[in-house]
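Below you'll find the structure, written out as structure tokens, and then a few comments.
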Amino acid sequence: MTNALAVVGAGAAGCGVAYALRDTAFDVTIFEKSRGVGGRATTRRRNGCYYDHGANYLKPTDDRTETLLSTLGTDGLVDIEAPVWTHDKRGQIRRGDREEAHKWSYQTGLTQFAKRVLRQTDATVEKGVEIARLEWTDDGDWAGWRLFDGADTAVGRFDRVVLTPPAPQTAGILRRIQWIDSRRRELTEAIDAVPYRTIRSVMLHYPFKLDLPYYALVNVDRGHPIGWLSREECKPGHVPDGESLLVVQMSPEWSEEHADLSTARAGRRVAQLASTLLDDSRVADPDWVDTQGWRYALPDAPVDDATVRSAEDERLYFAGDWVVGEGRVHAAFWNGVAVGERVTVAHE
């Protein structure tokens with residue numbers, strides 16, 4: 001069992017851990033509570049449309065991400081060529097003034113990133129399994145972590161564990177560990193203190209194509225109820241010709257205030273707001289609507305690095321965008337890779 005490693009969460013960070021350990025002797029098992037992989041970098045399909053309803057694209061900031069995408073295969077990889085413009089709290093739209101890098105997705109959606117990464121590994125992915133608690137065991141013959149699901153059923157024994165869920169969920173797991181009290185308390189408090197933005201995504205589909213000079217609008221002063229509005233038809237392969245699909249991500253304030261709205265009611269309100277912002281009355285009447293609430297969408301600050309690393313001598317690791325404080329897919333992935341590399345070094 002000395003090479004068994006469990007990763008909790010199959011988002012970008014969990015995939016990064018598995019990728020870092022792909023050519024090692026570690027036997028990696030990933031436990032994912034949902035039915036798919038990718039975390040917020042995920043995709044839905046409906047009526048012939050693919051749409052990225054969480055993270056919108058990969059935006060490489062260095063050469064290693066570009067190299068990785070090439071390694072994973074460029075078939076179906078698409079670059080969003082139209083620019084991102086801005087809007088303010090008054091709804092005034094302006095041309096973006098930043099030089100834009102590539103904005104990558106896939107013809108069948110951003111979830112392809114996680115799928116392609118995992119295909120490079122030998123990791124076992126157990127979907128639909130939510131890890132609720134860990135338990136340290138030392139019976140003389142073996143010492144390590146036992147994992148339990150929400151029904152308190154043991155799902156396996158592992159030499160090492162990497163926790164990648166959003167910080168508040170990771171803190172919840174830590175609270176249930178029977179472990180060194182002072183260490184657990186310090187870790188839990190530090191992780192639970194990571195601030196998050198809640199975002200509700202509302203998708204609006206139209207049987208006509210919007211004629212706009214930009215791919216997306218981003219609210220620069222955080223004063224508008226719409227924080228982000230993008231057009232999936234700008235991603236090749238996502239939307240049939242002659243149609244439009246808006247992904248509208250609402251501000252944290254709006255998202256929290258309207259968290260309990262039904263899909264239909266949220267769709268009506270957001271469509272009206274989008275119609276006003278775009279100055280197009282047709283946008284107020286989509287022919288279908290979808291929605292997704294992201295309670296822990298984006299971390300606004302990193303956790304204290306020294307504190308989370310303090311558990312590594314107990315073979316417990318942490319990875320995710322909240323560790324680095326940057327809500328980007330590539331940031332979460334490379335943090336997972338870095339953690340996986342430390343696991344390898346510690347085992348040598």
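Quick notes on this one:
- Selection of segment 135-149 for residues being open to solvent by less than 60 Å² (accessible area, probe 1.4 Å) and not in a loop (DSSP other than H, G, I, E, B) yields E135, T137, A143, G144, W145, L147, F148, D149.
- Residues within segment 34-52 that are charged (D, E, K, R) and under 17 Å from the mean Cα position of the chain (by Cα), tallied: 4
- Of the residues making up segment 155-210, those that are closer than 25 Å to G128 by Cα, within 21 Å of the chain's Cα centre (by Cα) and among the charged types (D, E, K, R) are D192, R200.
- If the condition is being touching a strand residue (DSSP E or B) at 6+ places or on another chain (Cβ under 9 Å), in a loop (DSSP other than H, G, I, E, B) and surrounded by fewer than 20 Cβ atoms within 10 Å (Cβ to Cβ), then segment 201-220 contributes P207, F208, K209, L210, L212, P213, Y214, V220.
- Count of residues meeting criterion [surrounded by fewer than 16 Cβ atoms within 10 Å (Cβ to Cβ) and not in a loop (DSSP other than H, G, I, E, B)] in segment 111-123: 1
- Check on S244, at negative phi, touching a helix residue (DSSP H, G or I) at 6+ places or on another chain (Cβ under 9 Å), free of Cβ contacts under 8 Å to residues at least 40 places away in the same chain and hydroxyl-bearing (S, T, Y): yes
- Residue in segment 156-169 that is touching an Asp or Glu at 6+ places or on another chain (Cβ under 9 Å), at pLDDT 95 or above and assigned to a helix (DSSP H, G or I) present: yes
- Check on D305, of a type in the set (D, E), at pLDDT below 95 and under 30 Å from A4 (Cβ atoms): yes
Residue by residue, here is whether (1) surrounded by fewer than 16 Cβ atoms within 10 Å (Cβ to Cβ); (2) in contact (Cβ under 8 Å) with a residue 12 or more places away in the chain; (3) within 25 Å of G325 (Cα to Cα) holds:
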residue	(1), (2), (3)
V125	no, yes, no
R133	no, yes, yes
R184	no, no, yes
A193	yes, yes, yes
I199	no, yes, yes
G227	no, yes, yes
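- Test: residue in segment 69-88 that is open to solvent by 20 Å² or more (accessible area, probe 1.4 Å), within 12 Å of the chain's Cα centre (by Cα), modelled with pLDDT of 95 or more and within 23 Å of H205 (Cα to Cα): no
- In segment 150-177, residue surrounded by the most Cβ atoms within 10 Å (Cβ to Cβ) [restricted to those that are without any contact (Cβ under 8 Å) to a residue 40 or more places away in the chain and closer than 30 Å to R197 by Cβ]: L174
- Flag if A25 is farther than 24 Å from L298 by Cβ, open to solvent by 30 Å² or more (accessible area, probe 1.4 Å) and at pLDDT below 95: yes
- Among residues of segment 47-68, those that are touching a Lys or Arg at 6+ places or on another chain (Cβ under 9 Å), modelled with pLDDT of 95 or more and open to solvent by 60 Å² or more (accessible area, probe 1.4 Å), counted: 0
- Segment 320-345, subset of a type in the set (F, W, Y) and within 15 Å of V117 (Cβ to Cβ), residue surrounded by the most Cβ atoms within 10 Å (Cβ to Cβ): F333
The values are calculated or read from the model by the stated rules, or taken from the named source; none is laboratory data. For clarity, every value in this text was computed on a predicted model and none was experimentally measured. Note that we place each Cβ from the backbone using ideal geometry, even for glycine, and neighbour counts take in every protein chain shown. Note: areas computed on protein heavy atoms with side chains; ligands, DNA, RNA excluded. Shrake-Rupley method; radii C 1.70, N 1.55, O 1.52, S 1.80 Å.
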